[in-house]
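Quick notes on the structure that follows.
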Amino acid sequence: MIQRNDPCWCGSGKKYKKCHLFEDEKHQSMTEPVAQPVLRRSRKERKYVKSAREINGMERAGAFNGELLDYIRPFVKAGISTGEIDSLVHDYTVEHGHIPACLGYRGYPKSVCTSVNNIVCHGIPSSGVVLKEGDIVNVDLTTIVDGYYGDSSETFFIGTVPENVRHLVMVTAEALIRGIDAARAGAPLSAIADAIEPFVNNQGCSVVHQYTGHGIGRKFHEHFSVYHHHDSDADRITLLPGMTFTIEPMINTGGWEVITDRDDGWTVRTADGSLSAQFEHTILITEGPAKVLTLTPSQKAAGVRLSVDGVNFT
Ligand code: MF3
Ligand code: CO
Ligand code: CO
């Protein structure tokens, strides 16, 4: 290979570095394939890549799930019970010809998860749980549309919340956005956790380890697990265009440890009683930035990926 100080290949008599080196390098960078690791994907990784037809199904499921989130948004106010939220979600879904994915999933009794304050995830809606001023609640929706799953969630403020609680929720929203930004073809799956965990820790919060995002498609939870904290398993998977999965960080004001209620087998709480928030989107890996499949109509109209109490995350 021609060296910097060799005579240029063009015959000018000048040194290569003084002549065509710059031009050649420019040309090389323009013609280089963008995401080279894609060419070296393993069979296992290819298995996770969806076909055009499947991607179309995922887009439609994501779009409906987004529509459902905008529908439920104005109801999530002080005085409503989480049981009523469940009925609204169930009826809207069924009236549109779709299936609430949670209902009956591994025996789960309701159509939506409503996780209030120190509940991390999988809170079961109940007529006895009435939202009150100062609460935070995560509403996690999953819908089956013509066989494909859409999965997304937001944490809502009930009225005005204390400043430290607001901080938790904003950090969690930003954690999701940072995770989505890191989810690029050619990057290892661990890039997502690397974008989330140090940021969250710097903000004085912690990342739940026990629950992760997940592949999603014609099944609710497909391979692979999308870690939000460091796990060496995530170094072994390379992200490829056509992969669809969720990112759904659960962030606590206290420690990351969680406990599951013995009584119902579902409700997951922070072990130390601290508060927990979560946001979730279903995304598609493309050649460029990841595409958010579960954008709501209001998010699409505003050109944002999340909007939390007037704060926009573009
Ligand atoms: N929607 C949750 C997720 O993001 C899963 C809920 S499973 C249920 O993965 F059974 F609790 F509904
Ligand atoms: Co999910
Ligand atoms: Co979910």
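For the chain, the longest principal axis of the alpha carbon atoms and the long axis of helix 163-182 meet at an angle near 40°. Rounded, prolate or oblate: which one fits region 31-187, using the alpha carbon gyration tensor with axes a ≥ b ≥ c (rounded when a/c is under 1.5, else prolate when a/b beats b/c, else oblate)? Here region 31-187 falls in the oblate category.
For W266, W256, W9, what's the largest-to-smallest order of accessible area, 1.4 Å probe?
The ranking, largest first, comes out as W9, W256, W266.
Placing +1 on the Cβ of each Lys and Arg and -1 on the Cβ of each Asp and Glu in region 43-313, which of V208, I124, A191 has its Cα farthest towards the positive end of the resulting dipole? The residue sitting farthest along the positive end of the dipole is A191. Relative to the dominant Cα principal axis of the chain, helix 52-72 is inclined by about 40°.
Site pair D272 and H230 shows an inter-label distance of 1.9 nm when each label is modelled 7 Å from Cα along Cα→Cβ.
Assign one of three labels to region 185-309, namely rounded, prolate or oblate, based on the Cα gyration tensor with a ≥ b ≥ c the square roots of its eigenvalues; rounded applies when a/c is under 1.5, prolate when it is not and a/b is larger than b/c, and oblate otherwise.
In terms of gyration-tensor shape, prolate.
Per residue, the chain reaches -9000 deg cm²/dmol at 222 nm when only DSSP H runs of four or more residues are counted, each adding -39500 (n - 2.57).
Sort region 123-254 into rounded, prolate or oblate with this rule: let a ≥ b ≥ c be the square roots of the eigenvalues of the Cα gyration tensor; rounded if a/c is under 1.5, and if a/c is not under 1.5, prolate when a/b is larger than b/c, oblate otherwise. It comes out oblate by the Cα gyration axes. Gaussian network model of the chain, Cα springs within a sub-10 Å range: biggest mean-square fluctuation belongs to which of K300, K26, K291? Top of the fluctuation ranking is K26.
A 1.4 Å probe run over the protein chains yields, for the chain, 47 Å² of accessible area per residue, whole-number rounding. Of the solvent-accessible surface of the chain, computed with a 1.4 Å probe over protein heavy atoms with every protein chain present, carbon and sulfur atoms account for 50 percent.
Counting Lys and Arg as +1 and Asp and Glu as -1, each charge on the Cβ, what is the dipole of region 43-313 about the Cα centre in debye, to the nearest 20? Walk me through the numbers before you get to the answer.
Numbers: 23 positive and 33 negative charges, 161 e Å.
That gives a dipole near 780 debye.
If you count Lys pairs in the chain whose Cα atoms are under 24 Å apart, skipping same-chain pairs closer than 8 places in sequence, the total is 18.
Here r is the Cβ-Cβ distance between V94 and D70 and R0 is 25 Å; the resulting FRET efficiency, rounded to 0.05, is 0.90. Roughly what angle does helix 190-202 make with the longest principal axis of the chain, taking Cα atoms, 0 to 90 degrees, to the nearest 10? Around 60 degrees separate the two axes. Taking G254, G107, G150 in turn, the Gaussian network model of the chain (Cα-Cα springs below 10 Å) assigns the largest fluctuation to G107.
The values are calculated or read from the model by the stated rules, or taken from the named source; none is laboratory data. In this text, all values refer to a predicted model and were calculated from it rather than measured experimentally. No Cβ is skipped: glycine too gets one built from the backbone with ideal geometry, and neighbour counts run over all protein chains shown. Remember, those area values only see protein heavy atoms, side chains included, never the ligands or the DNA or RNA. Shrake-Rupley method; radii C 1.70, N 1.55, O 1.52, S 1.80 Å.
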